[in-house]
1. From Val93, Val122, Val33, Val85, grab the single residue that is among the β-branched types (Val, Ile, Thr) and modelled with pLDDT under 95.
2. Pairs under 7 Å by beta carbon, first residue open to solvent by 100 Å² or more (accessible area, probe 1.4 Å) in segment 64-79, partner modelled with pLDDT under 90 and small (Gly, Ala, Ser), six or more apart or different chains?
3. So if I check each of Tyr128, Tyr99, which one is at pLDDT 95 or above, among the hydroxyl-bearing types (Ser, Thr, Tyr), in a helix (DSSP H, G or I) and closer than 23 Å to Val78 by Cα?
4. Would you point out which residue out of Ala73, Ala41 is in contact with a Cys (Cβ under 8 Å, 6 or more places away or on another chain) and modelled with pLDDT under 90?
Amino acid sequence: MPLFRSSAQVMTPNERSGVSGQATRRAAGVAAVLSLLAMPAAVLAQDLKPDLEAAKAKVSNCIGCHQIPLYRASFPQVYSVPMIVGQGERYLVNALTAYRKGDRSHPTMRAIAGSLSDQDIVDLAAFYANGAK
């Protein structure tokens with residue numbers, strides 16, 4: 001890289017930070033692979049039809065934490081439990097799928113999500129996205 005450049009030779013942000021074109025392409029490739037890994041949850045939500053009535057029989061593990069305002073869990077550390085009523089359906093499908101796969105690490109959620117089928121995840125996500133009614 002020349003020390004001085006003419007006005008026609010403008011440095012790109014990657015050149016200014018010292019990142020090579022090869023590193024940029026590698027990062028883009030990694031991002032593409034990661035987006036493909038995230039795709040099954042989105043595909044899952046499109047392939048299965050949610051059953052809100054069936055979801056009502058599946059929420060017992062969720063209610064005890066996620067429907068208590070300002071609830072804090074104490075395992076493995078003190079953790080403020082989020083309210084999930086009204087959360088986006090796609091977000092909930094992706095979150096539960098990530099817990100089930102181990103991509104998210106909260107041990108209690110990992111255990112609960114690990115026991116859910118694809119249909120359970122779709123049902124619960126739709127139930128909470130629609131206001132838990």
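1. Answer to the selection: Val33.
2. none
3. Answer to the check: Tyr99.
4. Exactly one of Ala73, Ala41 is in contact with a Cys (Cβ under 8 Å, 6 or more places away or on another chain) and modelled with pLDDT under 90, namely Ala73.
For every residue, the table says whether it meets (1) more than 15 Å from the chain's Cα centre (by Cα); (2) not in a loop (DSSP other than H, G, I, E, B).
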{"residue": "Ala55", "(1), (2)": "yes, yes"}
{"residue": "Ile68", "(1), (2)": "yes, no"}
{"residue": "Ile121", "(1), (2)": "no, yes"}
{"residue": "Lys133", "(1), (2)": "yes, no"}
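The values are calculated or read from the model by the stated rules, or taken from the named source; none is laboratory data. What you are looking at is a predicted structure, and each value in this text was computed from that prediction instead of being measured. For neighbour counting, all protein chains shown are included, and Cβ atoms are generated from backbone atoms with ideal geometry for every residue, glycine included. Surface areas here come from the heavy atoms of the whole protein model, side chains and all, with no ligands, DNA or RNA. Shrake-Rupley method; radii C 1.70, N 1.55, O 1.52, S 1.80 Å.
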